[in-house]
Amino acid sequence: MDYKDAFVEVEKNEDYIVDLLQKIVAVDTSVPPGENYVELIEIVEPEFEKIGFENERVIMPDDVVAQIPWEISGPRVNLVSSMKDGGKPKA
């Protein structure tokens, strides 16, 4: 897909893309307190799966979290994603 095709796809899916971005931006993950990481992952993980990514949720160990110089609450969950079979995203 070249950039012109990408722009066409974005225009065709504009409402969906804007809705998704609004949902993502609405999740407050500000540090401190650093909450809502799981809620954010619940939004983006299925989207990554739709375009061919394999995902793994990684919970940061307590000793690593203890190094953060702010008062933190909520689990420190990260999403690690990679392309299935090293392929390209699904169109």
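Just one residue in the set 31, 10, 58, 27 is out of contact with any His (no Cβ under 6 Å at 6 or more places or on another chain), in a helix (DSSP H, G or I) and either touching a residue at least 40 places away in the same chain (Cβ under 8 Å) or surrounded by 10 or more Cβ atoms within 10 Å (Cβ to Cβ) (or both); that residue is 10.
Which one of 63, 85, 5, 15 is acidic (Asp, Glu), loosely packed, with under 11 Cβ neighbours inside 10 Å, part of a helix (DSSP H, G or I) and at pLDDT 95 or above? It would help to see each step written out before you state the result.
Numbers: 63 fails: at pLDDT 95 or above; 85 fails: at pLDDT 95 or above; 5 fails: at pLDDT 95 or above.
After ruling out the rest, the residue left standing is 15.
Scanning region 34-55 for residues that are open to solvent by 60 Å² or more (accessible area, probe 1.4 Å), out of contact with any strand residue (DSSP E or B) (no Cβ under 8 Å at 6 or more places or on another chain) and more than 18 Å from residue 20 (Cα to Cα) returns a single hit, 35. List every residue pair whose Cβ atoms sit under 8 Å apart, with the two residues 6 or more apart in sequence or on different chains, where the first one lies in region 62-85 and is among the hydrophobic types (A, V, I, L, M, F, W, C) and the second, anywhere, is part of a helix (DSSP H, G or I) and open to solvent by 70 Å² or more (accessible area, probe 1.4 Å). Listed pairs, sorted by first residue: 79/48.
The values are calculated or read from the model by the stated rules, or taken from the named source; none is laboratory data. Since the structure is predicted, the reported quantities are computational estimates derived from the model, not experimental observations. Every residue, glycine among them, receives a Cβ derived from its backbone with ideal geometry; neighbour counts consider all protein chains shown. Protein only, heavy atoms only, side chains kept; ligands, DNA and RNA dropped before computing areas. Shrake-Rupley method; radii C 1.70, N 1.55, O 1.52, S 1.80 Å.
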